[in-house]
1. In segment 102-131, which residues are small (Gly, Ala, Ser) and under 16 Å from Thr89 (Cβ atoms)?
2. Could you check segment 208-220 and list, in sequence order, the residues that are open to solvent by 70 Å² or more (accessible area, probe 1.4 Å) and either under 22 Å from the mean Cα position of the chain (by Cα) or of a type in the set (Lys, Arg) (or both)?
3. Going through segment 318-338 one residue at a time, which ones are closer than 17 Å to Ile93 by Cβ and of a type in the set (Asp, Glu)?
4. Within segment 221-229, is even one residue within 19 Å of Arg46 (Cβ to Cβ), open to solvent by less than 40 Å² (accessible area, probe 1.4 Å) and away from the ligand (no atom under 16 Å from the Cβ)?
5. Could you tell me whether segment 137-153 includes any residue that is without any contact (Cβ under 8 Å) to a residue 60 or more places away in the chain, open to solvent by 70 Å² or more (accessible area, probe 1.4 Å), closer than 20 Å to Ile105 by Cα and in contact with a strand residue (DSSP E or B) (Cβ under 9 Å, 6 or more places away or on another chain)?
6. Among the residues of segment 347-356, which ones are touching a residue at least 24 places away in the same chain (Cβ under 8 Å) and open to solvent by 30 Å² or more (accessible area, probe 1.4 Å)?
7. Which one of the conditions (1) within 17 Å of Leu196 (Cα to Cα); (2) away from the ligand (no atom under 12 Å from the Cβ) does Asp157 fail to meet, given that it meets all the rest?
8. Can you tell me which residue within segment 92-136, out of those that are among the small types (Gly, Ala, Ser), over 21 Å from the mean Cα position of the chain (by Cα) and open to solvent by less than 30 Å² (accessible area, probe 1.4 Å), is farthest from Ala67 (Cα to Cα)?
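The values are calculated or read from the model by the stated rules, or taken from the named source; none is laboratory data. On a predicted model such as this, the values are computed, not experimentally measured, just so you know. Every residue, glycine among them, receives a Cβ derived from its backbone with ideal geometry; neighbour counts consider all protein chains shown. Ligands, DNA and RNA are stripped out before the accessible areas are found, and what is left, the full protein with its side chains, is counted by its heavy atoms. Shrake-Rupley method; radii C 1.70, N 1.55, O 1.52, S 1.80 Å.
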Amino acid sequence: MRVPLLDLEAQYRPLRDEILAAITRVCDSQRFIMGPEIEGLEDELRALIGVKHAIAVSSGTDALLLALMALDIKAGDEVVTSTYSFFATAGAIVRVGARPVLVDIDPATFNLDPAQVAAAITPRTKAILPVHLFGLSADLNPIMAAADRAGIPVIEDAAQAIGSTYQSRSVGGIGAFGCFSFFPSKNLGAFGDAGLLTTNDDALAKRARLLRTHGMEPKYYHHLVGANFRMDALQAAILRVKAPHLAGWTESRRANAAQYRTLFRDAGLDHAIALPVEPSDRRHIFNQFVVRTPERDALKRHLDGRGIGNEIYYPVPFHLQPCFADLGYRRGDFPHAECAAADSLAIPIYGELTEAQQVAVVGAIGEFVHQRLGVTR
Ligand SMILES: Cc1ncc(COP(=O)(O)O)c(C=O)c1O
């Protein structure tokens, strides 16, 4: 049985008529820039995430850039972040002219190690940027405490974590800003690029809204040098159809994660393959289900050969990326991230995955473990 890493068509099929009607509504209105779809989506997502302000933007990358610009982070400034994330996290910091100061991950959760954050703060540090990787919140209390002591804001990269909670609070509403992505593979995915910036701070929201449209208010009067960070009305209309289903989709992903735990345990594989952890004070939304084995590359080849979707997130931490060579880091600087880059592999977890498909995934992994590692029950 072939099992894709993600099956967007399975999610689209039952919503097809509603989505096409939403697209038609925008086409008939001929209002493609800002307007009622954007306002409607912002209202709905504000309620869904439980934040005061939700600002629809062009992508998760632009949400990060806009947050940094709204906080006036610029050349000469430093931002402390994880070395292990999607490129946009560090890329946005460099694009405003600031320096990413990288720290290692907590090996159990893949997230920024709070113990290392405080030591990385200098008088030039202007923000801390934790990432809620794969849909699990970073350990925010000690990170917020370090930020408070330094008098600097926290920007949450919640691109992969919509609906995730930390101590019963939604991520994206805990730091000064939350940055979300609606890239099609996210739990709430658009039909192209789209993102969201959230905040509970009225002044920051006002500044971010201004920067979203070239700092312009009213038309052709520019108070700040911003950019075009607007979300398309077509994407907003599609997201408005999909957003009410997010809670159900997340529950399905969580049920699939629980089912994997049972299947791996029953097959005697949980000693050979490490499964993702979910600390008791956090709710994982499983944008990715990432397993670990020192034999990762061989497991990947085996799954590729069996038609089982999988992906490496991410093969190279930021401190080893060629474009960041001038930051001066070396191999060995962040051993936990380097280990994760070498031993982790995402397997299918999307909501529509069937039990038979999960059995096939675990069966293929079991076959590998027994052949390659000689582990028997
Ligand atoms: C952790 C993280 N940050 C930022 C982004 C950027 O989002 P986008 O692809 O919408 O620009 C992503 C998306 O892949 C992400 O996973």
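1. Pass one, segment 102-131, residues small (Gly, Ala, Ser): 108, 115, 118-120, 127.
Of everything in segment 102-131, those that are small (Gly, Ala, Ser) and under 16 Å from Thr89 (Cβ atoms) turn out to be Ala120, Ala127.
2. Filtering segment 208-220 for residues open to solvent by 70 Å² or more (accessible area, probe 1.4 Å) gives 209, 214, 217-220.
If the condition is that a residue be open to solvent by 70 Å² or more (accessible area, probe 1.4 Å) and either under 22 Å from the mean Cα position of the chain (by Cα) or of a type in the set (Lys, Arg) (or both), then Arg209, Lys219 are the ones that fit.
3. Selection gives Asp326 alone.
4. The initial filter retains those residues of segment 221-229 that are within 19 Å of Arg46 (Cβ to Cβ), namely 229.
From what's left, open to solvent by less than 40 Å² (accessible area, probe 1.4 Å): 229.
From what's left, away from the ligand (no atom under 16 Å from the Cβ): none.
No: zero hits.
5. yes
6. So in segment 347-356, the residues touching a residue at least 24 places away in the same chain (Cβ under 8 Å) come out as 347-353, 355-356.
Within segment 347-356, Glu352, Glu355, Ala356 qualify.
7. (2)
8. Of everything passing the filter in segment 92-136, Ala120 is farthest from Ala67 (Cα to Cα).
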